[in-house]
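*Asks:* Just dropping this structure here.
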Amino acid sequence: MSQSRQLAAIMFTDIVGYTALMGRDERKAFELLNKNRQIQKPIIEQYNGKWIKELGDGVIATFQTVSDAVMAAIKIQEACNVAKEFQLRIGIHQGEIVIEDNDVFGDAVNIASRIQTVAVPGSIYISEVVHHNISNKNDINTEFVKTENLKNVKEPVKIYRIKLDSDNTPSAYRPFKANKRRNLAFIFAGLVLVALAGYFIFKGSKKTNAGADIETVDKSIAVLPFENRSNDKEQEYFSDGLSEDLLNMLSKIPELKVIGRTSSFAFKGKNEDLRTIGRKLDVAHLLEGSVQKDGNKIRVTARLIKTSDGFEMWSANYDRDLKNIFDLQDEIAQNVVQQLKLKLLQVKKSGTGNIEAHNLILQGNYFYDKLDSGSVAKAVEFYYKALTIDSTDAVAWVCLTNAISRQSWQNYIDQSTGYEKARQTALKAIALNPNYALAYSELADIKQYYDFDWRGAEKNYQTALRLEPSNADVLNSFADVRHAQGHYGEAEQYHKKALEFNPLKPLIYMGLASDLSYQGKFAEAISYFRKVLELDPKYQRAHLYIGRNYIMMGKPELALEEIQKENMEVFKNFGLAIIYFALSRKKEADEKLKEFIENYQDHWRYLIAQLYAFRNEKDKAFSWLDSAYDHRDSWLWWVKNDPWLKNIHDDPRYKAILKKMNLLGE
């Protein structure tokens, strides 16, 4: 692993309002992302810069000289002003960086990033060292803005602004020119605007909440994972569990938008600026804190942050006994909703409130999140132990259902036995708590992926959504069942709705991309599959799906290039078997097909059927489809209008399969 150090100018850019736009119009957001690349890349290259990487909607680049970095930034802002499609914040700093595997690290990188976050839209903010380096450049003018204490930077940093000819920086940040007449005009116009603003604010204050947009925007929050400050690092399950419990409690409030666990926990251990997190999650508030557990004693610190400016609205410290954990959760949640001027619903607690059982559930959740066979099996053990202590706890029954369903779907245990056991545990949870949304969702999953009972799944998902209309996981699952039934446009809308409440969850983007792919929107689908990899590179099968879209677009060479990036052997072998055939490299395709069947025929029957269908070997394709159905292969979920099965769609045997799958009339 090569590593080197050098002095460089570092430039960070960020699209203003991108996260909010993503929530409103993903297609437009990705168009802007592509436009941003088209603007920045050639300018960076023109000024001898190096495009390092994209960070969501942001870009990091390095330059050999400060002058090149500043001139590139000016040209980029000018190009954005001409395009009039979006605004950028740009921050520049110079310092020593560490270069390793085409990436950059070091304090200088952090400082540049922090400067960018405090810049106003349409501006270029620079550090003092950059200012000194360009102070003798007649064609570059700067002005002092402020001294800022940047996060994770020891000393305060003096920040300057590059003055642009076509400056669209808000007037509060612009110096007055010498023209007195124009200054008076500006002052008069400003007074008029202030008067008008005061009038509308006064008038708006008399509106009901239903008519006040700001009330709707402000009622949003993300619960960040509380930091584990216990001496025992294995107590992390407890701090994670407290965070998730608070998230679940707040999500019961109908008028409050609460971001899902996957997106909130994406920032665990990253120490990112809270204002930046707020922008990425598109929320007005963050709840964060820490937990220290010592035996039966716990110390909890909680803080409610306003993301627009990082202002601490409320904070508190609690020293309690473990037996009072449920009361503590209620107290924290009540304090939060009081600050947000909301009302917390009094939700009946699951089970008897046994602390020992609750602790075992949290430990089970910690292991389940690892998702490998051994960890999920360990989670099942913890859930059973919890139920031994308190068999009336619906949460434990739902957690057990989820874990056993996972084992069944992944073939960690016998599917038939596993799914039937999961069905009974889900029904037990519903009997104990008929208002528990996730119990219905778990039952719907079984009906969808094992029973192929789409109507039954749909009914249970709808019940879950009536109980928790903002639950991103339920929205995502309901979108999946509509996709399986062939309603791709509707599935697309539900996936987009799910992203509003969990904007950083890769699985939702995967579903959305598939909706678009099945509608023939291949290029747009590819952009979302790339978003999946950006959020979590472990979702390697996205490479396979990108390759599939390239094949559908008649670009097998690009598909081959993409599948080479895949590091999961099962998907790589499958992809190569198809792509080699598409490229008329039949010998290699035959070898990969043979290899795939030899290695994966026990658990990947549907994929073998796809391979034969793509090769137009219909009899073998239907033989493997029948085998997949007999073994309840969960990948049959894709069968309706599957692009890989295009060659057999007109065959009567295909309609027979759809009929057996209860999909013919859907």
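Here, each number is a calculation from the coordinates, and none is a lab measurement. Note that the coordinates shown come from a computational prediction; the quantities given were computed from them, not determined experimentally. When we count neighbours, we look across all protein chains shown, and the Cβ atoms used for this are built from the backbone with ideal geometry, even at glycine.
*Asks:* Between helix 541-552 and the chain, what is the angle of the helix's C-alpha long axis to the longest principal axis, kept within 0 to 90° and rounded to the nearest 10?
*Replies:* 90
*Asks:* May I pose another question? For a quick check: with amide H placed at 1.01 Å from N, whose amide H comes under 5 Å from residue 487's, ignoring anything fewer than 5 positions away on the same chain?
*Replies:* Those lying under 5 Å, H to H, from residue 487: there are none.
*Asks:* Got a sec to turn the phi values of the range 109-120 into Karplus ³J(HN,Hα) couplings, 6.51 cos²θ - 1.76 cosθ + 1.60 with θ = phi - 60°, whole Hz, x for Gly and Pro?
*Replies:* Running phi through 6.51 cos²θ - 1.76 cosθ + 1.60 with θ = phi - 60° gives 5, 4, 5, 4, 4, 5, 4, 4, 5, 8, 5, 7 Hz.
*Asks:* Right, here's the next one. As a check on your grasp of the helix formula, calculate [θ] at 222 nm for the chain: sum -39500 (n - 2.57) over DSSP H runs of n ≥ 4, divide by the residue count, round to the nearest 500.
*Replies:* After summing the helix terms and dividing by the residues of the chain, the value is -17500 deg cm²/dmol.
*Asks:* Within the range 75-129, which trypsin sites (Lys or Arg not before Pro) sit in a loop by DSSP and count at most 10 neighbouring Cβ atoms inside 10 Å?
*Replies:* 84
*Asks:* Ok, one more. Work out, step by step, the length gained on full extension between residue 375 and residue 272: first 0.36 nm times the residue separation, then minus their alpha carbon distance; give nm to one decimal.
*Replies:* 34.2 nm
*Asks:* So between residue 519 and residue 324, what do we pick up on full extension, going 0.36 nm a residue minus the alpha carbon distance?
*Replies:* Between residue 519 and residue 324, full extension yields an extra 64.9 nm.
*Asks:* Considering Cα pairs under 8 angstrom that are at least six residues apart, work out the relative contact order of the range 216-347 and quote it in whole percent.
*Replies:* 26
*Asks:* Still on this structure: May I ask for log10 I(q)/I(0) of the range 411-493 at q = 0.14, 0.19 Å⁻¹, from a Debye sum over the Cα atoms as equal point scatterers with solvent left out?
*Replies:* Values, matching the q order: -0.46, -0.80.
*Asks:* Now, a different point. Can you compute the FRET efficiency between residue 82 and residue 588 using 1/(1 + (r/R0)^6), with r the Cβ-Cβ distance and R0 = 45 Å? Round to the nearest 0.05.
*Replies:* Computed FRET efficiency for residue 82 and residue 588: 0.40.
*Asks:* Can you give the extra length, in nm with one decimal, that the chain gains between residue 38 and residue 619 once fully stretched, where that is 0.36 nm per residue apart less the Cα-Cα distance?
*Replies:* Extra length available between residue 38 and residue 619 comes to 204.4 nm.
*Asks:* Place a point 7 Å from the Cα of residue 601 along the Cα-to-Cβ direction; which residues of the range 569-595 have their backbone N under 19 Å from it?
*Replies:* Inside the label zone: 570-571, 573-575, 577-578, 589-595.
*Asks:* In terms of modelled amide H atoms, which long-range or inter-chain residues lie less than 5 Å from the amide H of residue 226?
*Replies:* Correct list: 243.
*Asks:* Would you mind computing Rg(Cα) / (2.2 N^0.38 Å) for the chain, counting N as its residues?
*Replies:* So the Cα radius of gyration is 1.07 times the expected 2.2 N^0.38 Å.
*Asks:* A further question follows. Got the relative contact order for the range 3-173 handy, in percent, Cα pairs under 8 Å and 6 or more residues apart?
*Replies:* 23
*Asks:* Cα axis of helix 355-368 to longest principal axis of the chain: angle in degrees, 0 to 90, nearest 10?
*Replies:* The answer is roughly 90 degrees.
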